[in-house]
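Please read the structure below before turning to the comments.
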Amino acid sequence: MDGIVGLYGPGDRSLVSKAFLATGACQHRGKASTGIAVANSKGIYVHKALGRIAEVIDADLIRTFQDLEPVAAIGNIGYTKRKMPEKLNAEPIKIRPRNACTCELVLTMDGYLIREDDLIRELEADYAITTDNKTEVVGALLHRYITEEGICFEAGRKLVDRLHGRATFALTALVHDGREAYLITLNDDRAFEPFCRAEIDGTFVASSESCSHRRLRGTDPVEYDGAEMTICSPSGVETRRLREEEMMPDVFQGVYFGNVASRYRGKEIFQIRRELGLELVRLYGASKADVIIPNPESGWGVTVGIAEGLGKALYPALIKLPQAVRTFQEGAQQTRTQEVGLKFGGIDSLLRGRSIAMGDDSIVRGTVSEGGSVWVVYNAGARHIEFWISYGPMFFPSFKEWHRGTNCLRELAVQRAFPGNNPYDKDLDEINRAVAGLVGVDEVKYNTQERIARVAGDGSFQALDASYPIDEAFWPDWLKKEVERFHRYR
């Protein structure tokens, strides 16, 4: 879940500063690496390193890059794609043709490519693939199509068609043809990854989140439909849709990944989460809780809705410690459980002796809950915990986890709650009780897919019903069997 931006503004004397601010607004998405690239009439210049944006980009770099009089810029906030971030894989990435070529291309991408080995074999005769980053493979394909077709919409269409059903992406790219600099933006035909655009004071700005536009004092950016491409050139700015497919935006972006100040398919993310809380209250009705608390940070929105619906006090009784380590992608369960215990602190005076309703966005593996927040709340003296969850029971892993094999399925909380059994023929009450026992709370209250769709709209609910944006031909065999089993019982 990288944060990406792209800006085109010939003559904009604050272009690099704007790129810095727009990229920094996405900081919650990626905390492993930062990169920025600018393009002028002479070429493309890149600076990137490990660390957050304030650690990588300073005032001197902004001034130096601005002195180059750039016409376009792109930025990236990198998500930790592996346990240990590596500078080699930081973005933006420069594509390196093996033969002399006047076309220079540097890009950054938010998204994922499935089983790229065949593409690498096809490309390696013409391109030096120097990283383990899937973005480089996508960029090499784009460079090939631009070399064949020119900097045009046909090159983008070729990329979209080639990656149909096996990749999700939103990308920004700087292209230099030996004379002029261009900015290209493009997304996959199912619009799975969030992406939006706007013109702000004469400068075109594209970003993976609308909070970037607000940071630049822009309002109401347009969200990209599937397979939409923008070409920014000396001739102007033009956007076209290259392929018509049913769009499958990632609903989980609105539930968990997105910044609460951003918009998801036209709706503010905070209000999506608040309304999910209200839907939970409509579904379950009364509560035994004395007070309502959020599981920080992404649990805040749903908890506001729960407190509002129940008419009970909302307190920040559970805090995320500022020195907390990031545990979302830690694979070893024991290590993850130990680390999440370092993430939270509880306020005894608000928790001791009370019944608590805790709101959270989702339960994925359940280890953050059982090893961290739940333990902290009980240790502070709470006598009863209800766990209200804005998302539904997660039966399936993200396709971005398939490379880990069946472990990414078996470690899910709903799967672990029914060891040696079948979770698919269980009703919601049975699932609630089983997962409550797993994470160690008195009650779990999951949401339903119908109610989530009522609030967030249609899209990909991959974890709930295997509605993946990836064609079944690219699914691993173990997943095909599991999804067949799911449909047999549901």
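The values are calculated or read from the model by the stated rules, or taken from the named source; none is laboratory data. These figures come from a predicted structure and were not determined experimentally. Cβ placement follows ideal geometry from the backbone for every residue including glycine, while neighbour counts extend to all protein chains displayed.
Worth a mention:
- Scanning the stretch 370-405 for residues that are of a type in the set (Ser, Thr, Tyr) and either within 30 Å of Pro316 (Cα to Cα) or not assigned by TED's automatic domain parsing to the domain that holds Val302 (or both) gives Ser373, Tyr378, Ser390, Tyr391.
- Test: residue in the stretch 233-250 that is without any contact (Cβ under 8 Å) to a residue 60 or more places away in the chain and crowded, with 21+ Cβ neighbours inside 10 Å: no
- Failed item, numbered, when Gly459 is tested on (1) out of contact with any strand residue (DSSP E or B) (no Cβ under 9 Å at 6 or more places or on another chain); (2) on the phi > 0 side of the Ramachandran plot: (1)
- So Thr185, is it surrounded by 21 or more Cβ atoms within 10 Å (Cβ to Cβ), polar (S, T, N, Q), within 23 Å of Gly11 (Cα to Cα) and touching a Ser or Thr at 6+ places or on another chain (Cβ under 6 Å): yes
- Test: residue in the stretch 250-270 that is of a type in the set (Phe, Trp, Tyr), at pLDDT below 95 and within 24 Å of Gly381 (Cα to Cα): no
- Wholly within the stretch 420-490, helices (runs of 4 or more DSSP H) carrying at least 2 residues that are closer than 27 Å to Arg274 by Cβ, under 27 Å from the mean Cα position of the chain (by Cα) and not assigned by TED's automatic domain parsing to the domain that holds Gly226: 428-439, 449-456, 462-465
- The set of residues in the stretch 154-181 that are over 18 Å from Arg241 (Cα atoms) and crowded, with 22+ Cβ neighbours inside 10 Å comprises Leu174, Val175, Ala181.
- Selected residue (only one of Gly35, Gly43 is assigned by TED's automatic domain parsing to the domain that holds Arg96, touching a residue at least 60 places away in the same chain (Cβ under 8 Å) and either among the aromatic types (Phe, Trp, Tyr) or buried (at least 23 other Cβ atoms within 10 Å of the Cβ) (or both)): Gly35
- Residues that are touching a strand residue (DSSP E or B) at 6+ places or on another chain (Cβ under 9 Å) and of a type in the set (D, E, K, R) were ranked within the stretch 135-154; the one that is farthest from Leu123 (Cα to Cα) is Glu136.
- Of the listed requirements (1) out of contact with any helix residue (DSSP H, G or I) (no Cβ under 9 Å at 6 or more places or on another chain); (2) farther than 26 Å from Glu386 by Cβ; (3) of a type in the set (Asp, Glu), Asp458 misses just one: (1).
- Which listed residue is modelled with pLDDT under 95 and of a type in the set (Lys, Arg), from Arg243, Arg217: Arg217
- Considering Ser390, Ser373, the condition of being within 30 Å of Lys480 (Cβ to Cβ) and touching a strand residue (DSSP E or B) at 6+ places or on another chain (Cβ under 8 Å) is satisfied by Ser390 alone.
- Only one of the listed residues (Leu61, Leu50, Leu68, Leu21) is surrounded by fewer than 24 Cβ atoms within 10 Å (Cβ to Cβ), more than 27 Å from Thr219 (Cα to Cα), in contact with a helix residue (DSSP H, G or I) (Cβ under 8 Å, 6 or more places away or on another chain) and hydrophobic (A, V, I, L, M, F, W, C). That residue is Leu50.
- Residue in the stretch 278-285 that is part of a helix (DSSP H, G or I), within 22 Å of the chain's Cα centre (by Cα) and crowded, with 18+ Cβ neighbours inside 10 Å present: no
- Every residue from the stretch 227-267 that is more than 16 Å from the chain's Cα centre (by Cα) and closer than 21 Å to Asp360 by Cβ: Lys267
- In the set (1) surrounded by 15 or more Cβ atoms within 10 Å (Cβ to Cβ); (2) over 25 Å from the mean Cα position of the chain (by Cα); (3) at pLDDT below 95, Ile292 fails one condition alone, (3).
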